[in-house]
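The values are calculated or read from the model by the stated rules, or taken from the named source; none is laboratory data. As the structure is a computational prediction, the values presented were derived from the model and not from experiment. A quick note on method: Cβ atoms are made from the backbone with ideal geometry, for glycine too, and the neighbour counts reach across all protein chains shown. The protein model used for the area step is the full one, side chains on, heavy atoms only, and it has no ligands, DNA or RNA in it. Shrake-Rupley method; radii C 1.70, N 1.55, O 1.52, S 1.80 Å.
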Amino acid sequence: MAIEVKFWGVRGSIACPSPDHVVYGGNTSCIEMRVGDEVLIFDAGTGIRNLGKDLIRRNVTHAHIFLTHTHWDHINGFPFFVPAYNPNASFRVMAGHLTHQGGVERVFSAQMADPTFPVPLSAMQSKLTFEDFSVGDELHPADGIVIKTAPLRHPNGATAFRVEYDGNAVCYVTDTEHDPETPDPIILDFIEDADLVIYDCTYTDEEFPQKVGWGHSTWQEGIRLCRAANAKQLALFHHDPEHDDAAMTVIEQKARATWSGAFAARDEMVLHIE
Ligand SMILES: [Zn+2]
Ligand SMILES: [Zn+2]
């Protein structure tokens, strides 16, 4: 009984389709995890558009959508998530960073409001439920699935997720900024012994000093955390749009040479965690 992970969008900041972004992909954050009979979706960046088409092909009409946070690169695909317009479908949208800031429904409604989108959120005819939890809460989307949450260091806040099912654990940890002096003790504890850690590797350690305060981390920090926490695999994620295929190839080679458990996530990559 595996957790099947599919990457539908692996970029941070903004979508970057171009002939130089073909190998790793240009869509922003969206990950699907198939766990038993459940479909868990993490973030609704531009990658969720292709996921939506795939759900229609598969006749999937129900899913849980968990948001790390609501910066554009994590929600902007949602208005183009076609299954949400199907009156026979239902989706549960959950976020942990807005409990005291008006809630997630308000943000989803605002992004589709006149005059920045042609139809309002209410045009989505599926049964949409919006739920705000408090970061740190443990979520139980279905029997046998436990999702732990933890706070990340990011402007406006962000939430990390740890999905546990049948003895396997997959952690989704983006967007977050590290302190080069001290590994984040919350993340170290959160990813302990995980089978897969998907981590914010926007920058390299060499670029990081120019990006302090932007809320992101590096692939080198991802490796340091995974090694210290005894995690098995690291997926480099939230790639900087400035890192084209040539740059990403070098980053992935260096990461693999540093630690054999590291690899770079790509659009449409599928992993079976068991
Ligand atoms: Zn982001
Ligand atoms: Zn962000």
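Contact map, segment 89-100: first residue under 12 Å from ASP137 (Cα atoms) and modelled with pLDDT of 95 or more, second residue open to solvent by 10 Å² or more (accessible area, probe 1.4 Å) and among the aliphatic types (A, V, I, L, M), Cβ cut-off under 6 Å, separation 6 or more or different chains; pairs are GLY96/VAL135. One residue alone among ALA84, ALA63 is in contact (Cβ under 8 Å) with a residue 40 or more places away in the chain and among the aliphatic types (A, V, I, L, M), and that residue is ALA84. At least 3 residues being closer than 30 Å to TRP219 by Cα and open to solvent by less than 60 Å² (accessible area, probe 1.4 Å) is the threshold, and among the strands (runs of 3 or more DSSP E) wholly inside segment 89-182 those reaching it are 90-95, 145-152, 158-165, 168-173.
For segment 209-265, enumerate the residues that are in a strand (DSSP E or B) and under 15 Å from VAL197 (Cβ atoms).
First pass over segment 209-265, keeping only residues in a strand (DSSP E or B): 218, 234-237, 239, 262-264.
THR218, LEU234, ALA235, LEU236, PHE237, ALA262, PHE263, ALA264 - these are the residues of segment 209-265 that are in a strand (DSSP E or B) and under 15 Å from VAL197 (Cβ atoms).
Could you tell me whether SER18 is within 16 Å of ligand 2 (Cβ to nearest atom), open to solvent by 10 Å² or more (accessible area, probe 1.4 Å) and not aliphatic (A, V, I, L, M)? When the stated conditions are applied, SER18 does not pass them.
Please go through segment 67-88 and pick out each residue that is open to solvent by less than 60 Å² (accessible area, probe 1.4 Å) and within 16 Å of ligand 1 (Cβ to nearest atom). Correct list: LEU67, THR68, HIS69, THR70, HIS71, ASP73, HIS74, ILE75, GLY77, PHE78.
Annotation: of all residues in segment 222-244 being open to solvent by 10 Å² or more (accessible area, probe 1.4 Å) and touching a Pro at 6+ places or on another chain (Cβ under 8 Å), the one that is farthest from ligand 1 (Cβ to nearest atom) is ALA228. Within the option set ILE191, ILE198, being within 20 Å of the chain's Cα centre (by Cα), within 16 Å of ligand 2 (Cβ to nearest atom) and aliphatic (A, V, I, L, M) holds for one residue only, ILE198.
Residues checked against (1) more than 16 Å from PRO83 (Cα to Cα); (2) of a type in the set (A, V, I, L, M, F, W, C); (3) within 16 Å of ligand 2 (Cβ to nearest atom); (4) outside any loop (DSSP other than H, G, I, E, B):
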position	(1), (2), (3), (4)
LYS6	yes, no, no, yes
MET33	yes, yes, no, yes
VAL39	no, yes, no, yes
ASN50	no, no, no, yes
LYS53	no, no, no, yes
ASN59	no, no, no, no
ILE65	no, yes, no, yes
THR70	yes, no, yes, no
